[in-house]
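One structure is given here, and the rest of the page talks about it.
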Amino acid sequence: MSALLEVDGISVSFDGFKAINGLSFSIGAAELRAVIGPNGAGKTTFMDIVTGKTRPDEGRVLWGETSTSLLKLNEAQIARAGIGRKFQRPTVFEDQSVADNLTMALRANRGPFAVLFWKPTRDTARRVAELADEVGLADQTDRRAGELSHGQKQWLEIGMLLAQEPRLLLVDEPAAGMTLAEREQTTTLLKRLAQTRAVVVVEHDMDFVRRLDCKVTVLHQGAVLAEGSLDHVTRNPDVIEVYLGR
Amino acid sequence: MTRKPLILRNPSILIVLAVLAGFTLTVTLLSQAYGSGVIPTSMIKVLGKTLCLALAAVAMDLVWGYLGILSLGQMAFFALGGYMIGQWLMYARTEAIVAASMAQNPIPPTPAELQTGVANQIFGVVGSSDLPLVWSFAHSLPIQLALVVLVPGVLALVFGWLAFRSRVNGVYLSILTQAMTLALALWLFQNDSGFRGNNGLSGLQNIPGLEGVGQARLSVWFLWASALALGVAYLLAAWVISGKFGSVVRAIRDDETRVRFLGYPVEGFKLAVFTLAAMMTAIAGALYYPQAGIINPAELAPIASIYLAVWVAIGGRGRLYGAIIGAVVVSLLSSWFTGGRAPAIELPFYSVNWVDWWQVLLGVAFVLVTLFAPRGIAGIVDWLGGVMPPRRHGRDLGPDQGALQEQEAKA
């Protein structure tokens, strides 16, 4: 199985502090992966590098069948290449309606002139309705996103990610601030999504990770400490020391 | 899927266009040239100029209210448009005068002699007799008309590309735009920049080839042209900010980073809107200065662009009609107060002279609007339309916990 994303020996330091230190990571085209690690392990920086927000000092980030280097692309180009990112805090455009938010995220030509002459069609309207239905906002499409509850905003953002049809989804702490029922829904959704695309979930919550039932990568001090099933890594003495030893 | 036409989706367009048409018709019927003559020609010119300022304000609203860039350099584009049309106006008129005087000569003048004569007339005031390179096309109306939009457009494109590419944002970008207009003004102030230094271009109210028409009719023609330009620009602006493009532009205003992660080339969108607004502003300037009669580098002073921002803020940014209301109301009030016609308030110990105190009043109004009515005068329209934020006495607005709070909805 060839990898969809291959991160090879990246390092980055901020003011002398090595946030990422020779990290290597790869994920297949249809795979669910959880990334765990204590605070400051470099989980968010890792996501920033993959999505183009931060440039690594060294290393390679290769993408897709053609192994394109992502390091030369900016955030928007990386997003168009098929990498979607879900932030920890739900970020939707509060001033606009749910339908507008979803329409903006729909996969389409993103150039200014293409967007200027873009017109809604029966297809796009149906797609927006489907997405709204999928994330449980079917009867809320005309409401301003700012009026939605925290959980609904999370779902709207997930809907927007789905609309982008990314090949790789990076999800930052999806369970934060969710109720137990919402967590279960989220787990189901993430598992289903991983059947057709790659999904990387960064999470603190061990229970949530256990429920995902997937391969786990443990980060520590900017490098991979262990990789394997959750049971496998939790038996690893290094992991036990990092998580429990202090 | 069929969609309602733009005008039906956005009834404010129809209202604005109807009011504009009604205004133009009324003024025409009250003018000296075409009607009862209640409105003197000088007032017609003030009204025509006000429509041009309203057009500049609509462009400012696109850039500030919708895209979120507080550009303090819009008047640079306005003045550049004026300079471009002014070059032709001045050249063609001087050429006619010089040709008439040279017609007395025993030998008819050659084109080169004619040009030297024109250059002497125009640039004698700055101690030069050569036609500068930037006047190469001044003899041609079509070329100068094209330059009206091209020069400011290219300036906006280059400036915007450099600024947006480096991701300069917020206050820093505002300062940069202000520096741009100041630098341009200082350059134009120099005698050897080729635009007659601080003398500027004058006599622009005389349109070559229309000498026999008279200012009374000409002023009404310019009012029509200004109204037409405002109407067309309003339609264009309303179309641009409707639909998905407008959605993306407002999204950039609210959360630029998030728009990038959606895959939109943010810089491209900013450049498109900034350049379009610069061109609209330039057209406004090209219509304004023939009515004003004179343009000089003082027109590019940073304060002029700040006034534009104040008008849009008072009128209500993020609403195109708000920009028009702000520009019309504040600039007309301003010319009334500074024209010496406003009665002074006699206090026992001090006489409030509005020529001096108007700016203080405007400043206070700006602060009050910013603090208490961020939607400006256009907020009244929202209020009438019943879109006031609901009063829930502190409870959540939505059905669920964590929804937008009452205080947030008012912003």
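Key figures for this structure:
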read-out	value
Top of B:163, B:238, B:378 by mean-square fluctuation, Gaussian network on chain B, Cα under 10 Å	B:163
Of the trypsin sites (Lys or Arg not before Pro) in the stretch B:293-354, those whose Cβ has at most 11 other Cβ within 10 Å and which sit in DSSP loop	B:341
Residue B:168 long-range amide H proximity, modeled H, under 5 Å	none
At 0.890 mPa s and 25 °C, Stokes diffusion of chain A via Kirkwood alpha-carbon radius, µm² per second	130 µm²/s
Principal axis dimensions, largest first and in whole angstrom, of the stretch B:266-368 by Cα	60, 34, 22
Gained length - residue A:138 relative to residue A:213, 0.36 nm times residue gap less alpha-carbon distance	24.0 nm
Ellipsoid equivalent to the protein assembly as shown - semi-axes via the Cα gyration tensor, in Å	58, 30, 22
Simple label model, 7 Å out from Cα along Cβ direction - residue A:119 to residue B:216, nm	5.0 nm
Rg/Rg_ref, the stretch B:142-264, where Rg_ref = 2.2 N^0.38 Å and atoms are Cα	1.46
In Hz, Karplus ³J(HN,Hα) per residue of the stretch A:217-231 (6.51, -1.76, 1.60; θ = phi - 60°; x = Gly, Pro)	10, 9, 9, 8, 6, x, 9, 7, 8, 7, 8, x, 5, 4, 5
Degrees between helix A:122-134 axis and first principal axis of chain A (Cα, 0 to 90, nearest 10)	50 degrees
Debye intensity ratio I(q)/I(0), log10, the stretch A:13-158, q values 0.09, 0.10, 0.21 Å⁻¹ (C-alpha model)	-0.38, -0.47, -1.32
Net lengthening on full extension, residue B:193/residue B:14 (0.36 nm per residue, minus Cα-Cα)	60.0 nm
Cα-based convex hull, chain B, per residue volume (Å³, whole number)	205 Å³
The stretch A:1-91: GluC sites (Glu not before Pro) in DSSP loop, at most 12 other beta carbons within 10 Å	A:65
GluC sites (Glu not before Pro) restricted to the stretch B:185-272 and DSSP loop, no more than 16 other C-beta within 10 Å	B:211
Alpha-carbon gyration tensor eigenvalues x 5, square-rooted, for the stretch B:183-244, Å	31, 25, 7
Note, ³J(HN,Hα) from phi for the stretch A:185-197, Karplus 6.51, -1.76, 1.60, rounded to Hz, x at Gly and Pro	4, 5, 4, 4, 4, 4, 5, 5, 4, 5, 6, 10, 8
Alpha carbon convex hull of the stretch A:89-164, volume per residue in cubic angstrom	87 Å³
Stokes-Einstein D for the stretch B:52-204, Kirkwood Rh over Cα pairs, 10 °C, 1.306 mPa s (µm²/s)	92 µm²/s
Viscosity 0.692 mPa s, 37 °C: Kirkwood-radius Stokes-Einstein D of the stretch A:88-228 over Cα pairs, µm²/s	200 µm²/s
Highest-fluctuation residue, B:298, B:225, B:342 considered, GNM on chain B with Cα pairs under 10 Å	B:342
C-alpha long axis of helix B:320-338 to longest principal axis of chain B, angle in °	60 degrees
Rounded to 5, percent antiparallel among DSSP beta bridges of chain A	55 percent
Highest-fluctuation residue, A:141, A:66, A:187 considered, GNM on chain A with Cα pairs under 10 Å	A:66
Net charge dipole size for the protein assembly as shown [Lys, Arg +1 and Asp, Glu -1 on Cβ; Debye, nearest 20]	980 debye
Label zone at residue A:109 (point 7 Å along Cα-to-Cβ), backbone N below 19 Å, the stretch B:232-257	B:240-249
Estimated FRET transfer efficiency (residue B:207, residue A:196; beta-carbon r; R0 60 Å; 0.05)	0.35
Extreme residue, positive dipole direction of the protein assembly as shown, given options B:198, A:204, B:23 (C-beta unit charges)	B:23
The stretch B:46-109 - Debye-derived log10 I(q)/I(0), Cα point model, q = 0.15, 0.16, 0.26, 0.27 Å⁻¹	-0.64, -0.68, -1.06, -1.09
Non-local Lys pairs in chain A, i.e. 8 or more apart or on different chains, that have alpha carbons under 15 Å apart	7
Whole-Hz couplings from phi, Karplus 6.51/-1.76/1.60, listed for the stretch A:142-159; x for Gly and Pro	8, 7, 5, 4, x, 7, 6, 6, 4, x, 5, 5, 4, 5, 4, 5, 5, x
Interchain or long-range residues, amide H under 5 Å from residue A:68's placed H	A:63
Centroid-to-centroid separation of the stretch B:97-140 and the stretch A:1-79 [C-alpha atoms, Å]	67 Å
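Each value in this text was obtained by applying a stated rule to the coordinates, not by laboratory testing. These numbers were taken from a predicted model, which means no experiment stands behind them. For neighbour counting, all protein chains shown are included, and Cβ atoms are generated from backbone atoms with ideal geometry for every residue, glycine included.
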